[in-house]
Each structure stands twice: as structure tokens, then as C-alpha cells.
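The values are calculated or read from the model by the stated rules, or taken from the named source; none is laboratory data. The model shown is predicted, which means the values in this text are computed figures rather than measured ones. In this analysis, Cβ positions are derived from the backbone assuming ideal geometry, glycine residues included, and neighbour counts consider all displayed protein chains. When the accessible area is computed, the model is the full protein with side chains, heavy atoms only, and any ligands, DNA or RNA have been set aside. Shrake-Rupley method; radii C 1.70, N 1.55, O 1.52, S 1.80 Å.
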Amino acid sequence: MTARKQKLPIGIQGFAKLREEGCYYVDKTPYAMRLIEEGSHYFLSRPRRFGKSLFLDTLKELFEGNRPLFEGLAAETQWDWGKTYPVIRISLGDGVLQSRAELEQRIQAILRTNRETLDLPRPADWPEVDTAGNLSHLIAQAHRSTGQRAVVLIDEYDKPILDNITDAPTATAMREGLKNLYSVLKGADEHLKFVFLTGVSKFSKVSLFSWLNNLKDITLDARYSAICGYTDEDVDTVFAPELQGLDREQIRRWYNGYNWLGTSVYNPFDLLLFFDQHKFKPYWFETGTPTFLIQLLAERQFFTPNLSRVVAHEKLLSTFDVDNIPVEALMFQAGYLTIDSVWEIPGQMELTLKYPNLEVQASLNDSLLQHLSGGLAIPGPHISRLYRLLAARDLAGLKDLFHAFFASIPHDWYRKNQLAQFEGYYASIFYSYFAALGLDIRLEDTTNHGRIDMAVLFNGEVLLFEFKVVELTPEGKALQQIKDKGYADKYRARGEPIHLIGVEFSRESRNVVGFEVETVGCEPHRETAV
């Protein structure tokens, strides 16, 4: 029997509204129960639009004892509904604050709203202009008034900093203002039942969290990898009515894959909009183009093929501050890279990162191409034509395509940018074109940034590329290296045609100067120079 379709909770962050309107809901209350039973102070970092706000609102309704909302959920039979707790909810997700003064005003307004919600009278000694003192008084008064310790839930704790990350003085001022506010939580411990902070980034403990040494970070706790987001099982059970007639494997390849050392999950925002529109589109990516990230990658001349397999130490991924922003940490925390594998010994953890799925791979490389070519309109037509050429098996046309692309980059852009002098520039562009199509790409050796060997599996064929810059390597060596190194051997068992393609670039001409193709495999051996 097919389950009845329910309302898709698109844009709904309130737990009460979601439950009262009969929306689909993946039960996250087992995670809430475990957190409450095992500890009291937590921190969780997850990318934007991942369900953090909904989870915090679930905690709020649980502590406030709103039992009808939990009918049929795990918490209904496990929670003590005879007790309720005063909840102080602080969300910094609305609007963009541009100064320390605006931050202080916003927090004061939020605390006033909490006081009114809790129906607490304003004491005579209320510290109106002292934000930290204001919060401290509110927590203590909530405890005294109700007889139960307070619950503090802080959402988007870092947004005022991230909104100003390109303006270091303002970002620093925001950080210090928030540090002053959050420091209250340590001194108020006797009045607190539970504390939960969420945000996108994980700022270093020295800069923001040195005051709260009992804050447990569950970001990379395997037990909570699926605390936000939907698992494969969730999709196949809760959302089963939405799957009829859809390509299940393609859904998985496009939207699944985010991992924090445990079960992989889908981004809820993506999946809900896909079920609504039935079109594979970068829904999540389009809600926040990572302009700052793209600029940072370009400035640091990051070799873009390496984005598919970044290796980083666990500590590096937590080393994030206004004046210290490792690319790896930014991309991981923002959701553009996720965990692929782990190498671990006592006291040390090394993580290999990758794109979580095709949406991120395709969209991020599309944005990179726009930046690397100096224009929003330049890559689009070439990406479409690349797909048509591959589908038609027109390998000779690839040379003309990429020659036309490099020729379309304005001379003035080259003059103003040093990127073209970066050894990996040309190979990065070539790679990003294929990655922007969401194709199955396998990378071999990227130790020398002037060259790369890359395999593309598409349309029942294997394309093996070797890239070289002629000013660094004698002409005519790209194709020969593929043959000498036997790169095709590992793909012969597939029984598909294998195309060996040597591509050579020139810094002086800023274009493709050599393009050779040889096909081996199940088709008769042939060699062509184009």
C-alpha cells in the first residue's frame, strides 16, 4: 500500500508549525534525548540551511513540555512531561549587522523578547546597556522565578562575524562582542540546565570559546553525524511517497554525501525543493554564492583539481579566525567539502575531504570558471558545447572548444591578474570544465601542479588526459607520458574505448598549442593528431 503524501516543509523552521500542518518530519528526538541524558553544554557546526534551527526549536518545545507536538515520536514515551523549563532562545540569523553597536542593540532586543515570553518582571537594577550583564540577570531570574534551571539555545552564533569576514576590523569587533556575551554562560552554570550553540563555522577555542571549557563539540562525533539532514533510510521510508517515477540513484549522486565521521546525509533544503519541482538543480548552492571563498581560492592559487581530495589534519579544520582562514577549514565548515576517509592513530586524526555530491562539484567549478576567466558569461556556452561534443564522441572538436575559450578571455584580464602565471592555471580550467558538468572524474597524480593526469568516464568511454605547460616541459611529451606510464592499463578491464589525450599549453600564447589523441581498447588501434 502506497503511503499518503504529506506537505513538504519547505522553508519551515518552526517545529510546532511543521507538526501542526501535517508536514513530513524525520524524527530527530532520539538525538535530543541522548544529548540531554548524557550532558548539558554542546556546540554543533553544520553548513547553512541544514536544519539546525529546526533542531533547536525541537529542543525548545521539548523543554517547554508541549507534549501534543511529539505524538508518535520517540520522545513521547521517554520524556518526563511533568517538568517544564524556562527556555532562552537567541538567534542571530536575521538581517546583516554592520557594527558592534548594531550587534548590542539586536541582542538587547532579543533578551527583552525572551523576558516578555517568560513573563518576568524587569528588576530595578536591570543593566540596560550591559549586554552580558543583561543575559546573566535573565538566566538567574528565570531560574529563581520557575524553580527550574534555564535552558539557553543559541542559533547562528557566528553570523555577525561571517557577514563581515572581508572587513577584518568589523569582524573582530563582532567577535569580541559575542565573546563577551557568551562568556556569561560559564559564570551562570549553577542556573543552567542545558546549553546548545549552533553555527556554520567553528572558531578557534582561543579566540571565542576559551571561557567555556565544558562546551562539548559534537561536530565530528560519529554518533551525531545525522543529527541534521536526511539519511538514505529517511528518504526511502519517510519520503517514500515522493519517490515514485524518480531516478533514485541520480537523487543520491546529486544530493547525498555530507558526512561527519558517521552516517552520510542529504541537505534537507535540496531534497525538499527537488521533490517539489522534480528537477535536478543546485537549489542549496544558489542560495549563497561563495564569492569570498572563490576569491580566496584564486588569491592563494589553489590547484582546483585537488579540491576533490584535500588532505587535512583535524586541528586544521578547527583553526578558523578572522585573521586566520585556512581554505580547507572554510570549505569544510561551509559544506563545499566533506569527509571521505580517515587515517587515525592515538592523538592524531588525518581527514581526506571530497565534494559531497554532484551539485556541489558542478556548481562550485562553474563559479570557479567564471572567476578564472574574468567574466560571468564566458564559461556557460562552452560548458554546454563540451557536453554535446562528448556525447557525439567528437574528440577533435575539444581542441577547438578550449582554444576558443582561452581566446575569449579578455587581454585586460590577463594584464590585471597573475593567475595565468600560476603553473596549475590551465590544468585547473580544463578540470573545472569537466567538473562543472558533474561528470565522473578520477585523478591520478597531482604532485606537480604544471601537469595532471585525469580520467573522465562518460557515455561508455574512458578519456585519459595529460596536461603540460610547454615552457616547463618539451613539446610533444604529454601524450607520450600517458603511454609510457601505462595509464590506460587500469581501465582496460572495463571493455570500453580508451582515448589517450595529451594537451599542451603555452604561457606565452595563453592558449592550447598541442592536442594529440590516440584511441586504444576495444576499438581498432588508431592514432590522430589534431
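Go through the residues of the range 324-335 one by one and say whether even a single one is more than 26 Å from the chain's Cα centre (by Cα) and of a type in the set (A, V, I, L, M, F, W, C). I'd like the intermediate steps shown before the answer.
Looking only at the range 324-335, we keep the residues that are more than 26 Å from the chain's Cα centre (by Cα), and these are none.
No, there is no match, as no residue in the range 324-335 is more than 26 Å from the chain's Cα centre (by Cα) and of a type in the set (A, V, I, L, M, F, W, C).
Restricting to the range 88-107, what's the tally of residues that are surrounded by fewer than 16 Cβ atoms within 10 Å (Cβ to Cβ) and either in contact with a Lys or Arg (Cβ under 7 Å, 6 or more places away or on another chain) or in a loop (DSSP other than H, G, I, E, B) (or both)?
Counting residues in the range 88-107 that are surrounded by fewer than 16 Cβ atoms within 10 Å (Cβ to Cβ) and either in contact with a Lys or Arg (Cβ under 7 Å, 6 or more places away or on another chain) or in a loop (DSSP other than H, G, I, E, B) (or both) gives 6.
Every residue in the range 247-260 that is at negative phi and either touching a strand residue (DSSP E or B) at 6+ places or on another chain (Cβ under 8 Å) or part of a helix (DSSP H, G or I) (or both), please. Spell out how you get there, then give the answer.
Initially, the range 247-260 is screened for residues at negative phi, giving 247-256, 258-260.
R248, E249, Q250, I251, R252, R253, W254, Y255, N256, Y258, N259, W260, listed by residue number.
Look through I139, I110, I161, I165 and report the one residue that is free of Cβ contacts under 8 Å to residues at least 24 places away in the same chain and open to solvent by less than 40 Å² (accessible area, probe 1.4 Å).
Numbers: I139 fails: free of Cβ contacts under 8 Å to residues at least 24 places away in the same chain; I161 fails: free of Cβ contacts under 8 Å to residues at least 24 places away in the same chain; I165 fails: free of Cβ contacts under 8 Å to residues at least 24 places away in the same chain.
That would be I110, the only listed residue that is free of Cβ contacts under 8 Å to residues at least 24 places away in the same chain and open to solvent by less than 40 Å² (accessible area, probe 1.4 Å).
Would you pick out the residues in the range 321-374 that are without any contact (Cβ under 8 Å) to a residue 12 or more places away in the chain and open to solvent by less than 10 Å² (accessible area, probe 1.4 Å)?
Result: no residue meets the conditions.
Determine whether Y255 is buried (at least 21 other Cβ atoms within 10 Å of the Cβ), of a type in the set (S, T, Y) and under 15 Å from the mean Cα position of the chain (by Cα). Even if it seems obvious, please write down each step before you answer.
Values: buried (at least 21 other Cβ atoms within 10 Å of the Cβ): yes; of a type in the set (S, T, Y): yes; under 15 Å from the mean Cα position of the chain (by Cα): yes.
For Y255, the condition - buried (at least 21 other Cβ atoms within 10 Å of the Cβ), of a type in the set (S, T, Y) and under 15 Å from the mean Cα position of the chain (by Cα) - is met.
State which residue is modelled with the lowest pLDDT when the search covers only the range 197-242 and only residues that are open to solvent by 30 Å² or more (accessible area, probe 1.4 Å) and farther than 20 Å from G39 by Cβ. Can you show your working first?
Step one: of the range 197-242, the residues open to solvent by 30 Å² or more (accessible area, probe 1.4 Å) are 202, 205-206, 210, 213-214, 216-217, 220, 222-223, 232-233, 236-238, 240.
Next, only the ones that are farther than 20 Å from G39 by Cβ stay: 206, 232-233, 236-238, 240.
Details: V206: 54, D232: 98, E233: 98, D236: 98, T237: 97, V238: 97, A240: 97.
Restricting to residues being open to solvent by 30 Å² or more (accessible area, probe 1.4 Å) and farther than 20 Å from G39 by Cβ, the top hit is V206.
Which one is least open to solvent (accessible area, probe 1.4 Å), of the residues in the range 264-306 that are acidic (D, E) and at pLDDT 85 or above?
Just the residues of the range 264-306 that are acidic (D, E), to begin with: 270, 276, 286, 299.
Next, from what is left, pick out any that are at pLDDT 85 or above: 270, 276, 286.
On the way: D270: 0, D276: 91, E286: 115 Å².
Among residues in the range 264-306 that are acidic (D, E) and at pLDDT 85 or above, the one least open to solvent (accessible area, probe 1.4 Å) is D270.
If only one of N511, N459 is at pLDDT 85 or above, surrounded by fewer than 19 Cβ atoms within 10 Å (Cβ to Cβ), within 21 Å of F405 (Cα to Cα) and not small (G, A, S), which one is it?
Values: N459 fails: within 21 Å of F405 (Cα to Cα).
Among N511, N459, only N511 is at pLDDT 85 or above, surrounded by fewer than 19 Cβ atoms within 10 Å (Cβ to Cβ), within 21 Å of F405 (Cα to Cα) and not small (G, A, S).
Within the range 227-254, track down each residue that is over 27 Å from M349 (Cα atoms) and of a type in the set (F, W, Y).
Within the range 227-254, F239, W254 qualify.
Would it be correct to say that D400 is open to solvent by 20 Å² or more (accessible area, probe 1.4 Å), of a type outside the set (V, I, T), part of a loop (DSSP other than H, G, I, E, B) and at pLDDT 80 or above?
Against the criterion (open to solvent by 20 Å² or more (accessible area, probe 1.4 Å), of a type outside the set (V, I, T), part of a loop (DSSP other than H, G, I, E, B) and at pLDDT 80 or above), D400 does not qualify.
Which one of Y431, Y387 is modelled with pLDDT of 90 or more, part of a helix (DSSP H, G or I) and of a type in the set (F, W, Y)? If you could, list the steps in order and put the result at the bottom.
Numbers: Y431 fails: modelled with pLDDT of 90 or more.
Step by step, each of Y431, Y387 is checked, and only Y387 is modelled with pLDDT of 90 or more, part of a helix (DSSP H, G or I) and of a type in the set (F, W, Y).
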